[in-house]
1. Set Lys and Arg Cβ to +1 and Asp and Glu Cβ to -1, take the dipole of the chain about its Cα centre, and tell me which of Ile180, Val114, Phe144 lies farthest positive.
2. Only bridges with both residues in the chain count here: give the DSSP antiparallel percent, nearest 5.
3. Relative contact order, percent, of region 86-197 when contacts are C-alpha pairs under 8 Å separated by at least 6 residues?
4. What is the magnitude of the charge dipole of region 127-235 about its Cα centre, with +1 placed on the Cβ of each Lys and Arg, -1 on the Cβ of each Asp and Glu, and no other charges, expressed in debye to the nearest 20?
5. Between region 28-84 and region 97-173, what is the separation of their alpha carbon centroids in Å?
6. What does the helix-only formula give at 222 nm for the chain: each DSSP H stretch with n ≥ 4 adding -39500 (n - 2.57), the total divided by the residues, and the result rounded to the nearest 500 deg cm²/dmol?
7. Please report, in whole Å, how far the alpha carbons of region 132-175 spread along each principal axis, starting with the longest.
8. Determine one quarter of the surface area of the Cα convex hull of region 1-85, which equals its mean projected area, and express it in nm² to one decimal.
Amino acid sequence: MKISVIIPAHNEEEYLPGGLDAVAKAAEICPCEVEVVVVLNRCTDRTEEIARNAGVIVAREEAKNLARIRNAGFKASSGDIIVTVDADSRLHPHFLRIVVDKLKKDIIGGGAFVLPERWSLGIICSGFMAMPYLAKYRLSFAAFWTTREAFEAIGGFNPDFVTIEDVDFAVRLRDYGKTIGKKWGTVWSAPLVTSCRKFDQYGDWHLVRDRNFLKRVFDGGDKEIANEYWYNQRD
């Protein structure tokens, strides 16, 4: 059995080394073979060089669309288990091992428990601002994992979404699991640590100040906010 870890990367020379190192540490105690697929997206920095020097699989997708980028990674992968994680996030050393154990049970796939790399009152309040949106779906997010078979069964990520493509993926995966008697799972004991670079850039209180921001993000089709907040970053 093999795990494919898919990492979208748009000019990620600052964060990709740490992300790859975290995956490598998780692979050391994982009972399965682990391959890493870095999907280059309009990179003009050293991201490709870093990926190739690390010996990972390199794929490309130039669209400003994370669903297409993640799907390109899937097409370049060969694993029986698919894990997607952002370049600025760090997998816990036991994350992959736990994923393998969970997929042996009646679980279709799932997400992760997420911690920020730093804390502040503004970040905590921002978390409370996001809770009503996340509570609506009753799902975990951040690092998604499932079998190759299930990924193909639901058609992967939907490119009609320029934001919350991950939420849409999670909902469809959960619903598919119900049809075959499997549940949604969360890796609670091995939390993912994610960067706070958006808070560093926009301020720890920006979600509180701009009450309309999350509404626009969770619309799923607002290209203006998607380009400003994600796709045109680090150009």
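Here, each number is a calculation from the coordinates, and none is a lab measurement. As the structure is a prediction and not an experimental result, all values here were calculated from the model. In this analysis, Cβ positions are derived from the backbone assuming ideal geometry, glycine residues included, and neighbour counts consider all displayed protein chains.
1. Ile180
2. Details: 9 of 33 bridges.
Given both bridge residues lie in the chain, the antiparallel proportion sits at roughly 25 percent.
3. Details: 147 pairs, mean separation 58.4, N = 112.
Relative CO of region 86-197 lands at 52 percent.
4. Working: 16 positive and 15 negative charges, 101 e Å.
For region 127-235, the charge dipole is close to 480 debye.
5. Answer, in whole Å: 18.
6. On the way: 11 runs with 97 residues, N = 235.
The helix-only estimate for the chain comes to -11500 deg cm²/dmol at 222 nm.
7. The Cα atoms of region 132-175 stretch 32, 20, 18 Å along their principal axes.
8. Values: hull surface 19.6 nm².
Average projection, Cα convex hull of region 1-85: 4.9 nm².
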